[in-house]
Protein chains: 2
Amino acid sequence: MPQLTAGQYMLVYNTFSLTIAAMLGSFVFFVLARNLVGEKYRMSLILSALVVGIAGYHYIRIFNSWDHAYSLVDGMVSATGTPFNDAYRYVDWLLTVPLLLAELVLVLRLPKAQGGPMLWKLVIAAVAMIALGYPGEVSGADMTARFIWGSLSTIPFVYILYVLWVQLGASLPSQPEPVQKLVKNIRLLTLATWGFYPITYCLPYFGIDPSTSVVGIQLGYAIADIFAKCGYGVMIYNIARLKTEADNAAAA
Amino acid sequence: MPQLTAGQYMLVYNTFSLTIAAMLGSFVFFVLARNLVGEKYRMSLILSALVVGIAGYHYIRIFNSWDHAYSLVDGMVSATGTPFNDAYRYVDWLLTVPLLLAELVLVLRLPKAQGGPMLWKLVIAAVAMIALGYPGEVSGADMTARFIWGSLSTIPFVYILYVLWVQLGASLPSQPEPVQKLVKNIRLLTLATWGFYPITYCLPYFGIDPSTSVVGIQLGYAIADIFAKCGYGVMIYNIARLKTEADNAAAA
């Protein structure tokens, strides 16, 4: 573990606490708000709750691991010898990223023959993307390994973007006008937040010192997680509301 | 406790954390999704929630027991002298395996004269299977005891398979077509995941070193538990959804 200043240590510490609060707050929101949307959209809200619940659990573990990796006494930070466990993030993504993609496909209520296979392709690509990124993340000072695994991980990432833009894009004209706009926005949010992870992943290449790099990685992942999980879930909720209103208008 | 490398120790540690997240996430899912199925199928969803809730509790205990059995400081793993408690798994199975079988029998809504006795036979066989396996699991280096108890435990296991294939199979033609397919899939999942436990149980016989054996046993049981509890529960949910849709179509 690199040597940190008290300010650096506390910045990461407080960001982790913020992330726990955001995840658990969003969990309560999705559980309670699911009854405000039509029954056929509720599964997406349930999956949103699952995602932020699982992420909340992992951020409590990440927070505790950070707390145990360093001690701060009289303004001095020292490493305790207990390692900071980076694996929690990857375990979290392995569970939550397929669920995030399922939220989007399910809320659109595509015809079964279309939605089912699309969902499977996205889930398999998401698992491949995360499983391929992990060996690079834990390769330590071996920059070549980080580069190779990171590059391999990009292939399924690009494939996911292809499915979301080309295949899911083809189904958009069948959706109500305001839903189309929201789906386009949620795809952009996905691109912006998911694109933030590889930038964070690459921080060690930018020639910055190891402590700034550690702080940047932790802050980058935490902030990206808040947008990609809580913000994304709120947009899914908005799509579900709009579709519920459209259904009610059609039934009236 | 055998000597482990830091990588072996952390692999088991992270797998336990993954399992906790999977169990607690599934708990939230079954609790929230139970209202998406018809009232007469809700008991199965409630039992699914119970199973993963109880398993989540036990995995928190198992995680803590693993954490206390070893210490990892400056990349070196050493046994603390506190034993790792294997009994949590058997206590868990004693409670959850009868519940898993009850989920399946109840979701099918067999006629009472048929479903009731079948459920009792399955529950008693499940308790016998687990109670007979435990003395072998804790017999340490005594490979003969492990073999005898393991063999005795296999008798009720085969009986459960007989009930599921022959007796429950005989009732399948009265179920809607897609439900029949799902029940066949869930039986295969049961065979594959439950069959995984005896393989894990037999790992000490394969002449591998004790540390690899310990890591393999813990990983094997954890992954089998995720499929046999969370995956199985999701399949029960799908059966309940299909039967709810069939009921609604028949009533319309």
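In order along the stretch A:118-126, the Karplus-derived 3J(HN,Hα) couplings, from 6.51 cos²θ - 1.76 cosθ + 1.60 at θ = phi - 60°, round to 4, 4, 4, 4, 5, 5, 5, 5, 5 Hz, and Gly and Pro are given as x.
Suppose every Lys and Arg Cβ carries +1 and every Asp and Glu Cβ carries -1, with no other charges. What dipole size does the protein assembly as shown come out with about its Cα centre, to the nearest 20 debye?
Values: 30 positive and 26 negative charges, 373 e Å.
Dipole about the Cα centre, nearest 20: 1780 debye.
Modelled this way, with points 7 Å down the Cα-to-C-beta line, the labels at B:Ala79 and A:Asn248 are 6.5 nm from one another.
Around the amide H of A:Val77, modelled in the peptide plane, lie the amide H atoms of A:Ala6, all under 5 Å away and 5 or more residues distant in sequence or on another chain. Coupling constants for the stretch B:220-235 follow from the phi torsions by the Karplus curve (6.51 cos²θ - 1.76 cosθ + 1.60, θ = phi - 60°), and in residue order they are x, 5, 5, 5, 4, 4, 4, 5, 6, 10, 6, x, 4, x, 5, 5 Hz; glycine and proline get x. Other residues within the sphere of radius under 14 Å centred on the Cβ of B:Leu172, judged by their own Cβ, net out at +4 (K and R +1, D and E -1). Computed from label points 7 Å out along Cα-Cβ, the spacing between B:Met143 and A:Ala131 is 3.3 nm. Can you give the net charge of the other residues whose Cβ lies under 14 Å from the Cβ of A:Thr244, counting K and R as +1 and D and E as -1? Summing Lys and Arg as +1 and Asp and Glu as -1 gives +3. Note: the stretch A:149-233, Cα convex hull, 88 Å³ per residue. Partner shielding of A:38-45 amounts to 2, given as the average count of beta-carbon atoms from other chains within 10 Å of each residue beta-carbon. Excluding B:Ser139 itself, calculate the net charge of residues whose Cβ lies under 12 Å from the Cβ of B:Ser139, where each Lys or Arg counts +1 and each Asp or Glu counts -1. It works out to a net charge of -2.
If you sort the three axes of the alpha carbon gyration tensor as a ≥ b ≥ c, you get a/c of 1.5 or more for the stretch A:79-192 and a/b above b/c, which makes it prolate.
Write down, largest first, the equivalent ellipsoid semi-axes of the stretch A:7-70 in whole Å, where each equals the square root of 5 times an eigenvalue of the alpha-carbon gyration tensor. Write down the numbers at each step before the final one.
Values: eigenvalues 190, 20, 7 Å².
For the stretch A:7-70, the ellipsoid semi-axes come out as 31, 10, 6 Å.
How big is the dipole moment of chain A about its Cα centre under a simple scheme where the beta carbon of each Lys and Arg is +1, that of each Asp and Glu is -1, and everything else is neutral? Debye, nearest 20, please. Before the final figure, lay out the partial values.
Numbers: 15 positive and 13 negative charges, 188 e Å.
Dipole magnitude for chain A comes out near 900 debye.
For B:Phe84, no residue 5 or more places off, or on another chain, has a built amide H under 5 Å of its own. Considering only alpha-carbon pairs that sit under 8 angstrom and 6 or more positions apart, the relative contact order computed for the stretch B:64-158 is 21 percent. Treating each Cα of the stretch A:134-178 as an identical point scatterer and summing with the Debye formula, the log10 of I(q)/I(0) at q = 0.20 Å⁻¹ comes to -0.66. Counting lysine pairs in chain A that sit 8 or more residues apart in sequence, or on different chains, and whose Cα atoms lie under 21 Å apart gives 12.
Does anything in the stretch A:86-107 have its amide N under 20 Å from the 7 Å Cα→Cβ label point of A:Leu161, and if so which residues? Flagged as within label range: A:97-98, A:100-102, A:104-105. Only protein heavy atoms count here; under a 1.4 Å probe, A:Leu24 has an accessible surface of about 80 Å².
Where a ≥ b ≥ c are the square roots of the eigenvalues of the C-alpha gyration tensor, would you call the stretch B:1-139 rounded, which needs a/c under 1.5, or, failing that, prolate if a/b is larger than b/c, or oblate? Here the stretch B:1-139 falls in the oblate category.
Shape class for the stretch B:90-132, computed from the alpha carbon gyration tensor (a ≥ b ≥ c): oblate, with a/c not under 1.5 and a/b at or below b/c.
Using the Kirkwood radius built from alpha carbon pairs, what does the Stokes-Einstein equation give as D for the stretch A:188-228 at 20 °C and 1.002 mPa s, in µm² per second? Reported coefficient: 208 µm²/s. Phi angles across the stretch A:16-23 convert, under the Karplus curve 6.51 cos²θ - 1.76 cosθ + 1.60 with θ = phi - 60°, into 3J(HN,Hα) values of 4, 5, 4, 5, 4, 4, 5, 5 Hz, Gly and Pro given as x.
In percent, what relative contact order does chain A have, based on Cα pairs under 8 Å that are 6 or more apart in sequence?
Working: 283 pairs, mean separation 59.5, N = 252.
Answer for chain A is 24 percent.
Between A:Thr154 and A:Asp67, the simple label model (points 7 Å from Cα in the Cβ direction) yields a spacing of 3.9 nm. Averaged over peptide B:13-22, the number of partner chain Cβ atoms lying within 10 Å of each residue's Cβ comes to 5.
Taking a cut-off of 29 Å, what percent of all Cα-Cα pairs in chain B are separated by more than that? Pairs farther apart than 29 Å: 34 percent.
Less than 5 angstrom separates the built amide H of B:Tyr70 from those of B:Thr80, all sequence-distant by 5 or more or on a different chain. All Cα-Cα separations within the protein assembly as shown were binned at 10 Å from zero, giving a P(r) of 4, 17, 26, 25, 18, 8, 2, 0, each value a whole percent of the pairs.
The values are calculated or read from the model by the stated rules, or taken from the named source; none is laboratory data. Because the structure is predicted, anything quoted here is derived from the model rather than measured. Cβ atoms come from the backbone with ideal geometry, glycine included; neighbour counts cover every protein chain shown. Calculation scope for accessible area: heavy atoms of the full protein, side chains included, ligands and nucleic acids excluded. Shrake-Rupley method; radii C 1.70, N 1.55, O 1.52, S 1.80 Å.
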